[in-house]
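The values are calculated or read from the model by the stated rules, or taken from the named source; none is laboratory data. Here the structure is a predicted model, which is why all the values come from computation and not from measurement. Here the Cβ positions follow ideal geometry from the backbone for every residue, glycine too, while neighbour counts run over all protein chains shown. Heavy atoms of the whole protein, side chains included, go into the accessibility calculation; ligands, DNA and RNA do not. Shrake-Rupley method; radii C 1.70, N 1.55, O 1.52, S 1.80 Å.
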Amino acid sequence: MIEIQGLQKSFGKNQVLNGLDLKFSEPGLTAILGPNASGKTTLLKSILGMVIPEKGDIYVKGKRIRDHYDYREDIAFLPQIARFPENLNASELLKMVQVLRKGDSDAEPLIKKFKLEPSLSKKLKYLSGGTKQKVSITSAMMFDCPILILDEPTAGLDPVSLMEFKALIDEEKKKGKIILLTTHILTLVHQLADRIIFILEGKVFFNGTPEELLKKYNTDDFEAAIASLTQQEVLTHV
Amino acid sequence: MFRIFQYSLKDLIRSRWIFYYGVFYLLFTTGLFILSNDLSKSIISLMNITLVLVPLIATIFGSMYFYQSREFVELLLAQPLPRQRIFGGLFLGVSLSLGICYLLGVGIPFVFYGIAGSGEIWNFLTLLFNGVILSLIFSGLAIWIGLANENKLKGFGIAIVVWLFFAVIYDGIQLLLLVAFSEYPIEKFSIGASILNPISLSRIQILLKLDISALMGFTGAVFKKFFGTNTGIIISTLSLIFWTIIPFMGIIFTSRKKDF
């Protein structure tokens, strides 16, 4: 459903994506991993049309996305930091997103799940970072989009909310959605990922299932396998 | 575009700063009436304040709002909306909330003072028109500069320099050129130079309307001589409206190529 061909992007002298080819056609969760500044967020933002690549093309549902915007009807995006217009309250924000997106949505179950009722009438600037993140999750997930893009979505969540969030992602997976996730929390990857992509210096360094990763490094320990991947990367680039 | 404009307006109207800005005009205009007790004189005093302060506040506010709403812009960009609608909506939200504040802050005391029945009504409306249009132009320029500059400090600095250029430096350069080339026929140059500066245009328009030759200066006098009062007012109005299109187009064009 998402196809990326020869994607290149640089910011100044810094080549962030360097001829990236990827395909996401199977339902399930793909964890996109890599060290800081490896191009994970740039990749996600390119799919959303927020970053405009220099070379290469992205296709969503078979359509080239350049200069189009309506394909984003099918994508829900959860950004790294949730910041909103300060003087609106949470329910106004949710209503705004509903009005702007037009598609069917239901925020109620998520509001209940994250116990957001008391915060709905408060101005967004008075909410804590974690509560803002919950509002952000609700605003993105209240639509039934076939593609979810989650850029470090768990920042600021308390342990209970994190569990709720994991359960939520699991439900979405069962609905047959394509989910792309970047995170530095390896347990989350271990519990949720069906596929792992390791990006390094703008290229795909590893692309396979968690089992394949364990097999490649001949270990049972997931975190050790990821660590080996990162170390190998260091060795290759010293 | 209308929806985003609506939400950004709602957000801004509730902000404290925009409220203080409106209250400032309210107090200032009321103060002028108490001190001068004369509609015509109050309009002239307000003109001087409008020509300097409106562009300055619009520049500062436009710049600050743009950088502050960056993450909000990212949220909007992830929605199925074209960029021109997002930035067009934000521009209208900022510029019109400043314009409304000006309109209410200056307008309410005048209405209470009985402007409606007086002969000064058209002069007053000219003043309001200029206050609103300068808010639009300079907040638009500030947002455009913000879009083109990732670095907040740099963007803010450039926006202030642009204001300083149009409000102060431009007049100085124009005056120097007029003095240096005073032996040549420089009327057309002078008119052209005034049209290229929205603050000069506003000043000329208000002075033409008020018909105060003493304050008009060389360019105003040339404008009047060249076009006559009415044509002069029409040309300056059209040029000012054209000036609002420039930052708007700039915002649309720059936003299309920008990475977020």
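Roll a 1.4 angstrom probe over the protein heavy atoms and tell me the percent of accessible area of the protein assembly as shown that is carbon or sulfur. Carbon with sulfur: 61 percent of the solvent-accessible area.
For the protein assembly as shown, report the % of Cα-Cα distances exceeding 28 Å. Counting every Cα pair in the protein assembly as shown, those more than 28 Å apart make up 61 percent. In the range A:74-92, burial by the other protein chains removes 10 Å² or more of accessible area from A:PHE77, A:PRO79, A:ILE81, A:ARG83, A:PHE84, A:PRO85, A:GLU86, A:ASN87, A:LEU88, A:GLU92, compared with the chain on its own (1.4 Å probe, ligands and nucleic acids ignored).
For the protein assembly as shown, the solvent-accessible area of protein heavy atoms averages 46 Å² per residue (probe radius 1.4 Å; ligands and nucleic acids excluded).
Computed over all pairs of different Cα atoms, the Kirkwood value for the hydrodynamic radius of the range A:99-238 is 17.1 Å. Sorting the segments B:175-185, A:61-71, B:195-205 by their residues' average number of neighbouring beta-carbon atoms within 10 angstrom, most packed first, yields B:195-205, A:61-71, B:175-185. Where the alpha-carbon atoms of the range A:43-159 are placed on the principal axes, they occupy 46, 27, 27 Å, in descending order. Helix-only arithmetic for chain A: the sum of -39500 (n - 2.57) across DSSP H runs with n ≥ 4, divided by the residue total, places the mean residue ellipticity at 222 nm at -10500 deg cm²/dmol. For the range A:60-126, the alpha-carbon coordinates run over 43, 24, 22 Å along the three principal axes, in decreasing order.
Summed over both chains, the area buried between B and A is near 2700 Å², taken from the accessible surface of protein heavy atoms with a 1.4 Å probe.
Kindly identify the range B:2-257 as rounded, prolate or oblate by the Cα gyration tensor criterion: order the square roots of the eigenvalues as a ≥ b ≥ c, call it rounded if a/c is under 1.5, otherwise compare a/b with b/c, prolate if a/b is larger, else oblate. Since a/c reaches 1.5 but b/c is at least a/b, the shape of the range B:2-257 is classed as oblate.
Across all directions, the shadow cast by the convex hull of the range B:1-55 built on its C-alpha atoms averages 4.9 square nanometres. Please give the FRET efficiency for A:ASP221 paired with A:ASP144, using the beta carbon to beta carbon distance and R0 = 25 Å, rounded to the nearest 0.05. Calculated value: 0.10. Sort the range B:56-199 into rounded, prolate or oblate with this rule: let a ≥ b ≥ c be the square roots of the eigenvalues of the Cα gyration tensor; rounded if a/c is under 1.5, and if a/c is not under 1.5, prolate when a/b is larger than b/c, oblate otherwise. It is oblate, given that a/c is not under 1.5 and a/b is not larger than b/c. Taking the inverse of the mean reciprocal distance over all distinct Cα pairs, the Kirkwood hydrodynamic radius of the range A:2-237 comes to 18.7 Å. Placing a pseudo-label 7 Å from each Cα along the Cα-to-Cβ vector at A:LYS125 and B:ILE121 gives an inter-label distance of 4.0 nm. The mean sequence separation of alpha-carbon pairs under 8 Å and at least six residues apart, normalised by the residue count of the range B:2-257, gives a relative contact order of 26 percent. The Cα center of the range A:162-238 and the Cα center of the range B:74-134 differ in position by 52 Å. Once the C-beta distance of B:LEU56 and B:PHE253 is scaled by a Förster radius of 22 Å, the resulting FRET efficiency is 0.30 to the nearest 0.05. Extent of the range B:133-231 along its three principal axes (Cα atoms, max minus min coordinate, largest first): 45, 30, 19 Å. Of all the options A:LEU214, A:LEU100, A:LEU29, the one that moves most in a Gaussian network model of chain A with Cα springs shorter than 10 angstrom is A:LEU100.
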